[in-house]
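Below: one structure, written as structure tokens.
The values are calculated or read from the model by the stated rules, or taken from the named source; none is laboratory data. All values derive from a computational prediction rather than experimental measurement. Heads up, the Cβs are rebuilt from the backbone with ideal geometry, glycines too, and the neighbour counts pull from every protein chain shown.
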Amino acid sequence: MTSDEALMLEFQRGSRPSLDELFSRYRGPLYGFFRRRLESKERAEDLTQETFLVVIQSVERYEPLSLVRTYLYGIAMKLLAAERRKHSRSAPTESTSEPVAHENPDAVLWIREALDKLDQSEREILMLREYEQLSYAEIAEVLQIAVNTVRSKLFRSRLALRNQLEPQPKPVHSIASPVTPTHTALPGTSEA
Amino acid sequence: MNMNTSTHPIEHEEVMAQLEGELPQDRAAVVAAHMVSCDECRQLAADLTNVSQRLQGWQVEIPEPGSLFLLLQSSGKRRRRQKDTGLTAT
């Protein structure tokens, strides 16, 4: 499979299929990135497109200094920050706001409430790790912070969630897949 | 978690980093060897894994394949930028 970085360089040389392939690879992940962070499904779709519009717009200046996915999430993070600034100045309208669709409402409610209790920086780091599955170094690059800060905040946020998890009552219908306390690799981890 | 780093040879964060493949190889081996005999670290690893598994319960429904791309294609802005950047179909 052609690497993201090779596709980006081919796109830079004018290859439209390379852009199509990059879009195909990252459309879903970027949509998920925005969808988990925004109330509006439409804005999540818009910003996914805008991320690629920025890529297209700036392709001539692109330099392969980092992984393409880090580059894409860096753009996405800036668009998200702009979106949040915009919304902080004007309340969202009802027509654009709808709950995030999911298969397990109780589990998602717990997750959203738990994440909301974290400070913004810890929440962002945790989400980039768990959902975007970025490495510590990639998160550091996207957020422009030190890798050690990523690790310490990630650890702190997970401990906070663990502590929230402990006293939680477990109604029969709340969790579809019971969690077993066996050793399992965390997402994005490949075990030899 | 009351482990004291002055008496405990492994930092708590290292247990997490080890799980995620984020430690240098030599340090990962030290942490892995330690965990064989440390109930507390194994429990911490299980707790961290548990948290991650719970977080994976939040899955997002992705729009139908191609729908975003069709929207992108129909975007006037994209067409203008495509023209500006001289994209060609190869």
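Points to keep in mind about this one:
- The criterion of at least 3 residues that are modelled with pLDDT of 60 or more is met, among helices (runs of 4 or more DSSP H) falling completely within segment B:1-87, by B:12-19, B:25-37, B:39-55.
- Considering residues of segment A:7-39 that are of a type in the set (D, E) and in a helix (DSSP H, G or I) only, the residue surrounded by the fewest Cβ atoms within 10 Å (Cβ to Cβ): A:D20
- The criterion of being free of Cβ contacts under 8 Å to residues at least 60 places away in the same chain and more than 23 Å from A:R129 (Cβ to Cβ) does not hold for A:K78.
This table checks each residue for (1) among the aliphatic types (A, V, I, L, M); (2) farther than 18 Å from A:G32 by Cα; (3) modelled with pLDDT of 95 or more.
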position	(1), (2), (3)
A:L79	yes, no, yes
A:S88	no, yes, no
A:N104	no, no, no
A:L109	yes, no, no
A:R123	no, no, yes
A:L128	yes, no, yes
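- Among the residues of segment B:44-63, those identified as among the aliphatic types (A, V, I, L, M) and either in contact (Cβ under 8 Å) with a residue 24 or more places away in the chain or at positive phi (or both) are B:L44, B:A45, B:L48.
- Against the conditions (1) surrounded by fewer than 20 Cβ atoms within 10 Å (Cβ to Cβ); (2) within 11 Å of chain B (Cβ to nearest Cβ), A:I145 satisfies every one except (2).
- Pairing residues of segment A:52-69 that are within 14 Å of chain B (Cβ to nearest Cβ) and within 13 Å of A:L9 (Cβ to Cβ) with residues that are of a type in the set (F, W, Y) and part of a loop (DSSP other than H, G, I, E, B), at Cβ distances under 7 Å and at least 6 apart in sequence or on separate chains, gives no pairs at all.
For every residue, the table says whether it meets (1) of a type outside the set (S, T, Y); (2) touching an Asp or Glu at 6+ places or on another chain (Cβ under 8 Å).
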| residue | (1), (2) |
| --- | --- |
| B:V15 | yes, no |
| B:A29 | yes, no |
| B:E40 | yes, no |
| B:S52 | no, yes |
| B:L55 | yes, yes |
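- Top-ranked residue of segment A:70-93 - restricted to ones that are not in a helix (DSSP H, G or I) and not small (G, A, S), ranked as farthest from the other protein chains (Cβ to nearest Cβ): A:T93
- Restricted to segment B:21-46, and to residues there that are surrounded by 21 or more Cβ atoms within 10 Å (Cβ to Cβ) and at the interface with chain A (Cβ under 7 Å from one of its Cβ atoms), the residue that is nearest to A:R162 (Cα to Cα) is B:A45.
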